[in-house]
Amino acid sequence: MNGEASRYPLVQLCLADLHDSLSAPVSESMNFLNEVAQRFPDAISLAAGRPYEGYFDLDYIHRYLDAYRAHLMARLDGDEAAVRRMIMQYGRTKGIIHDLVAKHLAVDEGITVDPESIVITVGCQEALYLTLRVLRASDRDVLLAVTPSYVGIHGAAQLVDLPLLPVKESPEGIDLDDLVAVVAGAKADGLRPRALYVVPDFANPTGARLSRESREQLLRIAAEEDFLILEDNPYGLFGDPAGPPTIKSLDVSARVVYLGSFAKTGIPGARVGYAIADQVVTGGSGGSQTLADQLAKIKSMVTVNTSPIAQAVVAGKLLENDYSLRAANAREIDTYQGNLRQVLDGLEKRFGGGSCPGVSWNTPAGGFFVLVTVPFLADDELLERSARDHHVLWTPIHHFYADSEPRNVMRLSFSHLRPEEIEVGLDRLEGFIRETVGS
Ligand code: PMP
């Protein structure tokens, strides 16, 4: 303070006096994983689930922005001031590209939705947070989640003090008997399961995809037990277009809140995602409202509105591709599918035919992730050793569990790598696994 010593000691805050979520293992996970990656910059990362950068082009940003600007000019009858205001001014809380997103959903996902029930958010992560914030009304409320599950859902649940009850996975994606049992147990304990969080298409971290039948069963169970389904779908386009329909497209009673992301299919740096929340909310004043309107109330107190500039860039990409992100991502889909095949073939070549007992892997049909089971606990300490001695990174699966107990599974991701990097990465992984098994 102007060189003058303060009469008061420097402020120190105690973690125990700050929000509980800060002490939760999951909040350490991202830091730890990023920190390991930074300390070993030469390591090949089979850990980062980032989109492929080989197709990034800064010129696209200008082109997309121009495409949206031209679209707005036509829509607003050439009123340049209105176009400028739309892109440069504070904007509508629920977003400005909801009509275009609705068209994209119809084209790519078979989802028909009123654009008014869409809230454009700062990434899907904000949509998750807003949804959980709105649903968590009392200490009795709990969230169900197929586990292992995306780190961001654990984090968002902790931020809003919503306990997460794990539901067992199955090779099929979700163990429906366990779901029914967990719901019954929760209700018997006086708890109120508000929603089930599920990534039905190429889940992060398991890569699993739910069959159509499981999706229908989920809708039935959710209706009978009266909870919502939070369908998070960032990877669905990176697989066979003839795959099962989105749960939302099968939903005729507004049972599903659909959470979308443009991070993998649009531009990750734009940070644009959305929620479809078409549930009617009764009991307020001023006529009928939807869950989307409630999400918007919270959003107005968190991020106010999603950057219209970022929305405009994403909108331009939609416009240029006749609203089809599947078409826009033809190259990316090929790349990710090719990488997936290369990883699966590469694992077979190195560990197949029982040449390394205890090592096995699953075989997802799309997405960014493969799980490898190993005959040892693949924990953070081993990840460090793998990075230091073998120059290869992977993600210990315990980061996707609330209990953080080390397990014998590692998640491999391959989305951002070139084929030659995948080959070297798998060679190094083989070296690490064989050394660990032998030791
Ligand atoms: N859901 C899942 C399953 C994810 O894997 C991710 C990010 N990797 C997100 C949501 C977050 O998406 P966004 O970047 O749009 O916030």
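DSSP beta bridges in segment 59-325, what fraction antiparallel, as a percent rounded to 5?
35
Quick one: which residues, 5 or more positions from VAL167 or on another chain, have an amide H under 5 Å from its amide H? H modelled 1.01 Å from N in the peptide plane, none for Pro or chain starts.
Amide H to amide H, under 5 Å and 5 or more residues apart or across chains, VAL167 pairs with ALA145, VAL146, THR147.
Which order do the peptides 363-369, 76-82, 107-113 take when ranked by the mean count of other beta-carbon atoms within 10 Å per residue, highest first?
The peptides rank, most packed first, as 363-369, 107-113, 76-82.
Per residue of segment 235-249, what does 6.51 cos²θ - 1.76 cosθ + 1.60 with θ = phi - 60° give for ³J(HN,Hα)? Whole Hz please, x for Gly and Pro, Karplus curve as stated.
10, x, 6, 8, x, 5, x, 8, x, x, x, 4, 5, 4, 6
Once you compute Rg and the Kirkwood Rh from C-alpha atoms, what is the Rg to Rh ratio for segment 195-324?
Rg divided by Rh gives 0.99.
Compute from the Cα atoms of segment 59-325 the Rg and the Dmax, the latter being the longest Cα-Cα distance, and quote both in angstrom.
18.6, 61
Once both axes come from the Cα atoms, what is the angle between helix 212-225 and the longest principal axis of the chain, in degrees from 0 to 90, rounded to 10?
It is inclined by approximately 60 degrees.
Sum -39500 (n - 2.57) across every DSSP H segment of at least 4 residues in the chain, then divide by the residue count to get the 222 nm mean residue ellipticity, nearest 500.
-13000 deg cm²/dmol
Short version: ³J(HN,Hα) in whole Hz for each residue of segment 13-30, in order, from phi by Karplus 6.51 cos²θ - 1.76 cosθ + 1.60 (θ = phi - 60°), x for Gly and Pro, what are they?
My calculation for segment 13-30 gives 9, 9, 3, 5, 8, 9, 4, 3, 4, 5, 9, 6, x, 5, 6, 7, 4, 4 Hz in order.
Starting from the eigenvalues of the Cα gyration tensor, five times each then square-rooted, give me the equivalent ellipsoid semi-axes of segment 218-268, largest first, whole Å.
Listed largest to smallest, the semi-axes of segment 218-268 are 24, 13, 7 Å.
Specify, per residue and in Å³, the volume enclosed by the convex hull of the alpha carbon atoms belonging to segment 156-206.
Value for segment 156-206: 83 Å³ per residue.
What number comes out for the charge environment of VAL304, summing +1 per Lys or Arg and -1 per Asp or Glu over other residues with Cβ under 13 Å away?
Cβ neighbours under 13 Å give a net charge of +3.
Taking a ≥ b ≥ c as the square roots of the Cα gyration tensor eigenvalues, with a/c under 1.5 meaning rounded and otherwise prolate when a/b beats b/c, else oblate, which class fits segment 246-311?
Taking the square roots of the gyration eigenvalues as a ≥ b ≥ c, segment 246-311 is oblate.
Using every pair of alpha-carbon atoms in segment 289-412, split the distances into 10 Å bins beginning at 0 and state the percent of pairs per bin, rounded to integers.
Pairs per bin, as whole percents: 11, 24, 24, 23, 16, 3, 0.
Please report, in debye to the nearest 20, how large the charge dipole of segment 314-382 is about its Cα centre when each Lys and Arg carries +1 at its beta carbon and each Asp and Glu carries -1 there.
260
Show the residues, 5+ positions off or on another chain, whose built amide H is closer than 5 Å to the amide H of ASP141.
For ASP141, whose amide H was placed from the backbone, the distant partners under 5 Å are ARG192.
Residue by residue through segment 126-139, which ³J(HN,Hα) values in whole Hz follow from phi under the Karplus form 6.51 cos²θ - 1.76 cosθ + 1.60 (θ = phi - 60°), with glycine and proline marked x?
5, 4, 4, 4, 4, 5, 5, 4, 5, 6, 7, 10, 8, 5
Excluding same-chain pairs closer than 8 in sequence, count the lysine pairs in the chain whose Cα atoms lie under 28 Å apart.
23
To test your reading of the geometry: what angle, between 0 and 90 degrees and rounded to tens, separates the Cα axis of helix 58-75 from the longest principal axis of the chain?
20
Whose amide H sits under 5 Å from the amide H of ILE229, counting only residues 5 or more places off or on another chain, with H placed in the peptide plane?
So ILE229 has HN proximity to LEU196, VAL256, VAL257.
In a shell of Cβ-Cβ distance under 10 Å around ALA328, excluding ALA328 itself, what net charge do Lys and Arg (+1) and Asp and Glu (-1) give?
Combined, the nearby Lys, Arg, Asp and Glu give -1.
Can you tally the net charge around GLY54? Count Lys and Arg as +1, Asp and Glu as -1, for every other residue whose Cβ sits under 13 Å from the Cβ of GLY54.
Computed value for this residue: -3.
For helix 419-438, what angle does its Cα long axis make with the longest principal axis of the chain, in degrees from 0 to 90 and rounded to 10?
50
For segment 1-124, restrict the atom set to alpha-carbon positions and state the Rg and Dmax in Å.
Values for segment 1-124 (Cα only, Rg and Dmax): 23.5, 66 Å.
Report the one residue of SER360, GLY95, TYR401 whose Cα lies farthest in the direction of the positive end of the charge dipole of the chain (charges on C-beta: Lys and Arg +1, Asp and Glu -1; origin at the Cα centre).
The Cα lying farthest towards the positive end belongs to GLY95.
Read-outs: derived from the displayed coordinates by stated rules, not from any lab. What you see is a predicted model, and the numbers here were worked out from it, not measured in a lab. All Cβ positions, even for glycine, are placed from backbone atoms using ideal geometry, and neighbour counts span all protein chains on display.
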